[in-house]
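Undergrad: The following block contains the structure, expressed as structure tokens.
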Amino acid sequence: MSQSEPESLAVRKRRATNARIAASAARLAGRHGVGGTTVDQIAADAEVARATFFRYYDTKESAVAEGITGPWLTLVTGAIARQPGDLPAKGTLVTAFGELAAEFPAHAGQIRELARLTRSSTTLAAWTAQAYQRYEHAIAELLTPRFGELPAHDPKPRLLAALAMAAVRLSLDDWIDHGGELPDLIRRALDAISVE
């Protein structure tokens, strides 16, 4: 299906069900912890059958992790895609994350809780690491055209995306452990990247 073709109703329903299950999982895990949340509770909150839950997710941890990381991936890729086409790759990242970081203070409690959740379970931590790779691939895809002509399989876009996600992770760790202003920490970490 080309990007210009609308999604079928069935695809939109599957996407909405997937998002609803993930959102319920993250919300319940935020309230009760991952260990205190069951698949049955998630299914009931999402208004789906237990069997439907397992058509979308193999474990509660994967649903929680998707609920935590999925919405942020949409925000990150949207912010990058909105940047002017003539902005270089690193400038695009700094500007996009700067826009997002300006919204972080309003979500500080949620961000701190999500960070706590991802550190509360080895399974969830591993899944979150995989989610960061999803971010890297999505960011690299958006950055590739901003590098101009690149040889096939050039690592620059993926490397810059990986460095950006590492900068965000380091900033979050620093903020959780030592406090400070998260937007400033992210901006400082991104400014330290020099690959162009």
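Undergrad: Check Glu149 against each of (1) open to solvent by 60 Å² or more (accessible area, probe 1.4 Å); (2) in a helix (DSSP H, G or I); (3) modelled with pLDDT of 80 or more and name the one condition it does not meet.
TA: (2)
Undergrad: Hey, Pro71 hits all of (1) in contact with a helix residue (DSSP H, G or I) (Cβ under 7 Å, 6 or more places away or on another chain); (2) within 24 Å of Ala129 (Cβ to Cβ) but one; which does it fall short on?
TA: In the conditions (1) in contact with a helix residue (DSSP H, G or I) (Cβ under 7 Å, 6 or more places away or on another chain); (2) within 24 Å of Ala129 (Cβ to Cβ), Pro71 misses (1) alone.
Undergrad: Exactly one of these conditions fails for Thr17: (1) of a type in the set (Ser, Thr, Tyr); (2) under 30 Å from Arg187 (Cα atoms); (3) touching a residue at least 24 places away in the same chain (Cβ under 8 Å). Give me its number.
TA: So Thr17 meets the others, but not (2).
Undergrad: Go through (1) closer than 21 Å to Ala189 by Cβ; (2) open to solvent by less than 30 Å² (accessible area, probe 1.4 Å); (3) of a type outside the set (Gly, Ala, Ser); (4) in contact (Cβ under 8 Å) with a residue 60 or more places away in the chain one by one and return the number of the condition Val34 breaks.
TA: (1)
Undergrad: What residue, of Ala101, Ala167, Ala189, is closer than 18 Å to Trp72 by Cβ, surrounded by 16 or more Cβ atoms within 10 Å (Cβ to Cβ) and without any contact (Cβ under 8 Å) to a residue 24 or more places away in the chain?
TA: Ala189
Undergrad: Another question, if that's okay. In segment 111-132, which residues are surrounded by 14 or more Cβ atoms within 10 Å (Cβ to Cβ), part of a helix (DSSP H, G or I) and either of a type outside the set (Gly, Ala, Ser) or more than 14 Å from the chain's Cα centre (by Cα) (or both)?
TA: Matches in segment 111-132: Ile111, Arg112, Glu113, Leu114, Leu117, Thr118, Thr123, Leu124, Trp127, Thr128, Tyr132.
Undergrad: Can you give me the ranges of the helices (runs of 4 or more DSSP H) entirely in segment 1-91 with at least 2 residues that are of a type outside the set (Ser, Thr, Tyr) and at pLDDT below 95?
TA: The qualifying helices (runs of 4 or more DSSP H) are 9-32, 60-81.
Undergrad: In addition: Looking only at segment 4-15, which residues are open to solvent by 50 Å² or more (accessible area, probe 1.4 Å) and among the aliphatic types (A, V, I, L, M)?
TA: Within segment 4-15, Leu9, Ala10 qualify.
Undergrad: Here's another thing I want to ask about it. Does Asp86 satisfy being open to solvent by 70 Å² or more (accessible area, probe 1.4 Å), closer than 16 Å to Ala19 by Cα and of a type outside the set (A, V, I, L, M)?
TA: When the stated conditions are applied, Asp86 does not pass them.
Undergrad: Another question, if that's okay. Can you say whether Asp177 is open to solvent by 90 Å² or more (accessible area, probe 1.4 Å) and assigned to a helix (DSSP H, G or I), as far as the supplied structure shows?
TA: When the stated conditions are applied, Asp177 passes them.
Undergrad: Of the residues that make up segment 44-55, is at least one open to solvent by less than 50 Å² (accessible area, probe 1.4 Å) and touching a Phe, Trp or Tyr at 6+ places or on another chain (Cβ under 6 Å)?
TA: No, there is no match, as no residue in segment 44-55 is open to solvent by less than 50 Å² (accessible area, probe 1.4 Å) and touching a Phe, Trp or Tyr at 6+ places or on another chain (Cβ under 6 Å).
Undergrad: Run down Glu141, Glu136 and say which single residue is surrounded by fewer than 17 Cβ atoms within 10 Å (Cβ to Cβ), touching a helix residue (DSSP H, G or I) at 6+ places or on another chain (Cβ under 8 Å) and not in a loop (DSSP other than H, G, I, E, B).
TA: From the options Glu141, Glu136, the qualifying one is Glu141.
Undergrad: Quick one: would you say Arg27 is touching an Asp or Glu at 6+ places or on another chain (Cβ under 8 Å), in contact (Cβ under 8 Å) with a residue 40 or more places away in the chain and surrounded by fewer than 19 Cβ atoms within 10 Å (Cβ to Cβ)?
TA: Yes: the conditions hold for Arg27.
The values are calculated or read from the model by the stated rules, or taken from the named source; none is laboratory data. Note that the coordinates shown come from a computational prediction; the quantities given were computed from them, not determined experimentally. In this analysis, Cβ positions are derived from the backbone assuming ideal geometry, glycine residues included, and neighbour counts consider all displayed protein chains. Calculation scope for accessible area: heavy atoms of the full protein, side chains included, ligands and nucleic acids excluded. Shrake-Rupley method; radii C 1.70, N 1.55, O 1.52, S 1.80 Å.
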